[in-house]
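Following: one structure in structure tokens, then a few remarks.
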Amino acid sequence: MSTQTHEAETRTKHAWQVGSGMLPGLIHDLDRLRAEAMGDQALDKKVKELIALGISVAERSETSIAYHVHNALAAGATREEIAETVGVAIFVGTEPAAIQGIQLLEALARDEVEEYARGAFRPPAHPYMSPD
């Protein structure tokens, strides 16, 4: 574990202890929720840590990223699994921008930029987005 990761973990543990003193019921419930959500069930701990890591990357939470990388490695995740998780998070994090950008390009191609600017542009339905 790097010095930076260790320092972030120490700060987080300290903050959690302070929170426990100030909001004991809430912190206790969060601890129970974490234990239930992250325990081995249908998904094992490694898979859950990789999911949590991907969400942390997409949310840009440095402390959570460090925490879940550490836990994923401890649960047996490989460097390749962590790298693939990061790739999925990058895709999910950029997908909204890609969709909005593509819709703007489509409006440009259809000469409907003014409609787009007013929020009135409705792109045609795509087969992969239809409810059928």
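The values are calculated or read from the model by the stated rules, or taken from the named source; none is laboratory data. It should be emphasised that the depicted structure is a prediction, and the values quoted were computed from it without experimental measurement. All Cβ positions, glycine included, derive from the backbone under ideal geometry; neighbour counts span all protein chains shown.
Could you list, in sequence order, the residues of segment 87-122 that are aliphatic (A, V, I, L, M), over 20 Å from the mean Cα position of the chain (by Cα) and closer than 30 Å to residue 50 by Cβ? Selection gives 102 alone. Among the conditions (1) surrounded by 11 or more Cβ atoms within 10 Å (Cβ to Cβ); (2) under 26 Å from residue 86 (Cβ atoms), residue 27 misses just one, which is (2). Scanning segment 109-123 for residues that are in contact (Cβ under 8 Å) with a residue 12 or more places away in the chain and either in a loop (DSSP other than H, G, I, E, B) or β-branched (Val, Ile, Thr) (or both) turns up 121, 123. Among residues of segment 7-19 that are free of Cβ contacts under 8 Å to residues at least 40 places away in the same chain, those with a Cβ under 8 angstrom from a residue that is aliphatic (A, V, I, L, M), sequence gap 6+ or separate chain, pair up as 16/27; 19/26; 19/27. Scanning segment 41-86 for residues that are more than 19 Å from residue 12 (Cβ to Cβ), among the hydroxyl-bearing types (Ser, Thr, Tyr) and under 16 Å from the mean Cα position of the chain (by Cα) yields one hit, 85.
Could you grab me the full set of residues in segment 56-73 that are surrounded by fewer than 16 Cβ atoms within 10 Å (Cβ to Cβ) and either modelled with pLDDT of 95 or more or more than 17 Å from residue 16 (Cβ to Cβ) (or both)? If the condition is that a residue be surrounded by fewer than 16 Cβ atoms within 10 Å (Cβ to Cβ) and either modelled with pLDDT of 95 or more or more than 17 Å from residue 16 (Cβ to Cβ) (or both), then 59, 60 are the ones that fit.
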